[in-house]
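The values are calculated or read from the model by the stated rules, or taken from the named source; none is laboratory data. The structure presented is a predicted model; accordingly, all values stated were derived computationally and were not measured. Note that each Cβ is placed from the backbone with ideal geometry, even for glycine, and that neighbours are counted across all protein chains shown.
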Amino acid sequence: MIKKLVTIFCISAFQFIGFSQTDRLFESLEAALQVNPDSVYRLDLSRASLKAVPTEIFQFKNLRELNLSKNKLTDLPNNFVFANLEVLNLTKNKFETFPQVICKNTSIKQLFLGKNHISEIPECIGDLSELVIFDIWFNTISVIPESITQLKKLKSFDLRGMNYSDEFQKEWREKLPWVEIQFDLGCDCGI
């Protein structure tokens, strides 16, 4: 009986430890590298003055949340693909084009690309079928692809900080009636 109770206790303890690891946020690459790579689910490398994505992050196969905001990134490497990635924050970097490799991360639910210098969203955005929140505020977006209408789980699309005509805003609200689209006040700006 005691042996059985000890076994049940050990199994419960290991399940609890495993569960709590999924919620642990690693706030530096150094801290994440000190544990088993399979136990790194959340990583915050914001404000690290990164000009390139550290190659070490690719060993974190279970990564669900990655914050690379407030760095100096201009692109992402071609191997930037994580099977379980759900939240990707690239806000306040130096992207001039939308990194198309993001579209290979088909588990993404929340994508943050605000305050960069991106002028166009690529057609491949339609591949992100799990996307719920798409935050691309304060860029220079002039082209929104039709493929975005395939994102049936999309709930929030933030396009604030850019000038769009009332007609443009009306058109996209009609194309995406299930989405809360956030625009600034319309303008007579031609877009």
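Only residues in segment 39-65 that are of a type in the set (Val, Ile, Thr) count as the first member; pair them with residues that are in a helix (DSSP H, G or I) and buried (at least 17 other Cβ atoms within 10 Å of the Cβ), Cβ under 7 angstrom, at least 6 apart or cross-chain, and list the lot.
Here the result reads Val40/Ala32, each pair linking segment 39-65 to a residue that is in a helix (DSSP H, G or I) and buried (at least 17 other Cβ atoms within 10 Å of the Cβ).
Restricting to segment 100-141, count the residues that are in a loop (DSSP other than H, G, I, E, B), touching a Gly at 6+ places or on another chain (Cβ under 9 Å) and not hydrophobic (A, V, I, L, M, F, W, C).
3
Filter segment 142-191 for residues that are assigned to a loop (DSSP other than H, G, I, E, B) and surrounded by 16 or more Cβ atoms within 10 Å (Cβ to Cβ) and give the result.
Within segment 142-191, Ile144, Leu151, Leu154, Leu159, Gly161, Met162, Asn163, Tyr164, Leu176, Val179, Phe183 qualify.
What residue, of Leu25, Leu50, is surrounded by 15 or more Cβ atoms within 10 Å (Cβ to Cβ) and either under 13 Å from Leu85 (Cα atoms) or at pLDDT 95 or above (or both)?
Only one candidate passes the filter, namely Leu50.
Residues are listed down the side, and each one gets a yes or a no for (1) under 30 Å from Ile141 (Cα atoms); (2) under 18 Å from the mean Cα position of the chain (by Cα); (3) at pLDDT 95 or above:
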| position | (1), (2), (3) |
| --- | --- |
| Met1 | no, no, no |
| Lys4 | no, no, no |
| Asp44 | yes, yes, yes |
| Phe60 | no, yes, yes |
| Val81 | yes, yes, yes |
| Leu85 | yes, yes, yes |
| Cys103 | yes, yes, yes |
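So Leu66 ticks every box in (1) within 17 Å of Leu154 (Cα to Cα); (2) not in a loop (DSSP other than H, G, I, E, B) but one. Which box is left unticked?
It is condition (1) that Leu66 fails.
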